[in-house]
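The values are calculated or read from the model by the stated rules, or taken from the named source; none is laboratory data. This one's a predicted model, so the numbers in the text were calculated from it and none came from an experiment. Here the Cβ positions follow ideal geometry from the backbone for every residue, glycine too, while neighbour counts run over all protein chains shown.
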Amino acid sequence: MSPPFRAEHIGSLLRPPALLAARRAFDEGKLAAEALHREEDRWIAEAVGLQERVGLPVVTDGEFRRLIYFGHFPAAVSGFTEMEAELTFEDAEGRKMRYMTPVVTGRLRRLRGIATGEFGFIRALTTRTVKVTLPSPCSQHFFRWREGVSEKAYPDREEFFADVARVYQEELADLASLGARYVQLDDVSLPLLCDQRHRERFAGRGYDPDAMVGRYVTLVNEALRGRPAGLTVGIHLCRGNNQGKWMGEGGYEPVAARLFDGLDVDVFFLEYDSPRAGSFAPLAHVPPAKRVVLGLVSTKTGTLEPADALRRRIEEASRFVDLGRLGLSPQCGFASTAPGNPLTPEEQERKLALVVEVARRVWG
């Protein structure tokens, strides 16, 4: 069986308390890097066992070596400096959370493999398909570019886009040479351009939101140009996921036509776990050659969704995309940042098992 699968998950898993403690000890200078690496190896093996135990056909390393889902990118690519983020997350009560983020301050060059080391370790632990997760190319502009700062390194923004695309081309080629055949790009920028507040803020930065959607589509396609044969690539669209908090809301309508038809990817992983994601109607723009994995199971809460309710929602989505081209997953990872979302490991396992169970009931 080749990817994508009927039962999927997005990538990150809750870090065990022992691994979080080891990371704290390392950060405090009380644990050597080699000892931390051994702890990561140990718990990644446990994470693979969890995914196999619940019956998932695809596995990841839980992103256990990262502090945040995109952290391996600036660690392997030159040109970033940590600064306070200009965007904030918020929870259901509207409480905001600020954070630090990498900002483009120099020329981007891939200094070493971004996810190649992670893939090389996990592929030896399982016979199931390994999915590699990378932040999307357009996020390198939407989140990492800061007006008044980044232009000092790139007076011509098109040179920046060319360097971003080159980094991804090099990484995908190396991953494929190691045997990888499944890559997921994680993107928050395009869904935020479905949110009127973020569209206005983006316009305030000097951009035409609609024009930049087109430029971002081109950037992703440039990053995938010449990708190795046999490498399945998907894109995960998310409205933010940090300890149960999010950044934006709004249906996919403002970007659907250009996104679903224009992106040279094989599968879309779409957040659909709450009314903030809108209706399934924009799925009518997904062309026949592409697949959709519906993110109907929430990782932001431990409450388990009723299986029959999930089946009804899949049936509703099949009015716009043929059932044979659909799959099921959580809407995002369980721990896009190391502290993780507000649910327990037991609740996480039940949610993953639910995805597998419902997929079997729907597709056999």
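General observations
- The single condition from (1) of a type outside the set (Val, Ile, Thr); (2) at pLDDT 95 or above; (3) under 23 Å from Thr60 (Cα atoms) that Leu259 fails is (3).
Matching residues to (1) in contact (Cβ under 8 Å) with a residue 40 or more places away in the chain; (2) out of contact with any Phe, Trp or Tyr (no Cβ under 8 Å at 6 or more places or on another chain); (3) not basic (Lys, Arg):
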residue	(1), (2), (3)
Asp266	yes, yes, yes
Tyr272	yes, no, yes
Leu283	no, no, yes
Pro287	no, no, yes
Arg291	yes, no, no
Val297	yes, yes, yes
Glu305	yes, yes, yes
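- Checklist (1) modelled with pLDDT under 95; (2) assigned to a loop (DSSP other than H, G, I, E, B); (3) in contact with a strand residue (DSSP E or B) (Cβ under 8 Å, 6 or more places away or on another chain) applied to Glu249, failing item: (3)
- Flag if Leu31 is buried (at least 16 other Cβ atoms within 10 Å of the Cβ), over 21 Å from the mean Cα position of the chain (by Cα) and part of a loop (DSSP other than H, G, I, E, B): yes
- Answer residue from region 331-364, given it is β-branched (Val, Ile, Thr) and outside any helix (DSSP H, G or I) and is farthest from His285 (Cα to Cα) among those: Thr344
- Helices (runs of 4 or more DSSP H) enclosed by region 146-236 - at least 1 residues per element that are touching a Lys or Arg at 6+ places or on another chain (Cβ under 9 Å) and of a type in the set (A, V, I, L, M): 157-177, 189-192, 209-224
- Selection status of Leu328, touching a Gly at 6+ places or on another chain (Cβ under 8 Å), outside any loop (DSSP other than H, G, I, E, B) and crowded, with 21+ Cβ neighbours inside 10 Å: no
- Residues in region 283-313 that are surrounded by fewer than 21 Cβ atoms within 10 Å (Cβ to Cβ), part of a helix (DSSP H, G or I) and not charged (D, E, K, R): Ala284, His285, Ala307, Ala309.
- Comparison of Ala257, Ala173, Ala153, Ala229 shows that the only residue that is free of Cβ contacts under 8 Å to residues at least 24 places away in the same chain, surrounded by fewer than 18 Cβ atoms within 10 Å (Cβ to Cβ) and either charged (D, E, K, R) or on the phi < 0 side of the Ramachandran plot (or both) is Ala229.
For (1) at pLDDT below 95; (2) within 18 Å of Ala180 (Cβ to Cβ); (3) charged (D, E, K, R), each residue gets a yes or a no:
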| residue | (1), (2), (3) |
| --- | --- |
| Leu14 | no, no, no |
| Arg24 | no, no, yes |
| Glu46 | no, no, yes |
| Pro57 | no, yes, no |
| Glu82 | yes, no, yes |
| Asp91 | yes, no, yes |
| Tyr99 | yes, no, no |
| Leu108 | no, no, no |
| Gly117 | no, yes, no |
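- For the criterion of being more than 30 Å from Gly179 (Cβ to Cβ) and in contact with a strand residue (DSSP E or B) (Cβ under 8 Å, 6 or more places away or on another chain), Ala257 fails.
- Flag if Arg215 is surrounded by 15 or more Cβ atoms within 10 Å (Cβ to Cβ), modelled with pLDDT of 95 or more, among the charged types (D, E, K, R) and farther than 26 Å from Ser12 by Cβ: yes
- All positions within region 205-264 that are closer than 24 Å to Glu147 by Cα and in contact with a His (Cβ under 6 Å, 6 or more places away or on another chain): Gly248
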